[in-house]
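Comments concern the structure below.
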Amino acid sequence: MYYFDYFIFIPFFLLCIIGILMVYSASSVNLSYAGMSTTSYLKKQIIYVILGIIIVNIFARSYTLKRIMESKIIVPLLWCFVILGLGYAVIFGESINGAKGWISIKGVFSIQPAEVAKLFFILYIARIFQNRVTSINNTKWQFKKKDYVYILSILMFIFFTPDFGGLAINLAIIIVMLVTVKAPKITTVVKSVIGLGALAYFIFTGLKYIDNPFKGTFFEYVYRRFEGVVDPFGHVLTSGKQLVNSFYAISNGGIFGSGIGNGIQKRGYLPEPHTDFILSVLAEEMGAVGILIVLGLLLLLISRILYVGYNSRTLPEMLACYGIGTFLTVESLFNIGAVVGFLPITGVTFPFVSYGGSSMVVLAATLGIAMSISNDVKYEKNHENQQDNNGTMKLIRK
């Protein structure tokens, strides 16, 4: 009998419903100003949510992870799709806010290959550990040459888009999954990444006292992001504009908010109210109560996925759940950090609530995989209980 994990599906569904409401509220005013249909993004988001629900159910009921682990072509094909997509985006892609990570399809919708990369890394690392590690305590595992090719090629393309938010999330997924199986030298990698990140932050923080040294270079885009978070009110008309208006939105919302549709900052002040800064709009219109509801649902969802991973019976299942949990956690923290001024604005959206098709499809696929693993865990547990009960009955009969 199939076990449908409502502890995963219900938070996902409720977050999507909240997302539909907020996407309409955040986008309708600006669409009206532009002379477009006020329901344009609403209709698309409803389609994305319906597609997401279908994907969740298909992946959850088809023992997806087992089939992927057994297949020799699915992961390589996924890698080819990501590489070709990122390569096309770097060369011919549409530039949005300084990054070229999108592929526009006839102006109707856009695909973001870096989103698919997150799914690839979760599946790829789970698969290579299934083939090479027999025990979670095995510390003799190491990368093969093709692993470096698969992983570094994707990370390199993401770097050159440049999508540093996506790069950080993908690195976090890889690191957490490797730490889980105690891969050799991974502590060195973790320390290096943290050290380089801290060094970069302090360097860019100190640069606010001198003229921009990266003007006209590849890193000017990165510098502007740090400049906006370090001194937003000093650059209120340029790099700090988004963050300052986010502060105003959060302040206006208070505890209970101004009511859905009544927000002020979405009316031309926040440049991306329906995507990157949808939490700011939510805070203004639903207040701290609305934010706590959304974060509570997300926390329930992540906790359940990690619980399923902790109770899974195979290493690939555990790794996949931990990778999915990391994906949701880091993506949420990056978006929240940007909205409140703790982190640079990276263009990372908030899971299930922000507008977007690529993000919804990938997130839905990962949740479907988590639900299929949950079904396996429940089946194994029931099977063991049945065996124990049979043993008890035999003992009584004797």
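Just so you know, all these numbers are worked out from the coordinates, no wet-lab data involved. Quick caveat, the model's predicted, so the values are computed rather than measured. Neighbour counts are summed over all protein chains in view; Cβ atoms, including those assigned to glycine, are modelled from backbone coordinates with ideal geometry.
Summary of computed values
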item	result
Efficiency of FRET from Cβ geometry, Phe202 and Tyr33, R₀ 45 Å, rounded to 0.05	0.65
Given Lys43/Lys118; Lys72/Lys144; Lys44/Lys100, the pairs whose alpha carbons are separated by over 24 Å	Lys43/Lys118
Per-peptide average of other Cβ atoms within 10 Å, ordering 368-375, 4-11 highest first	368-375, 4-11
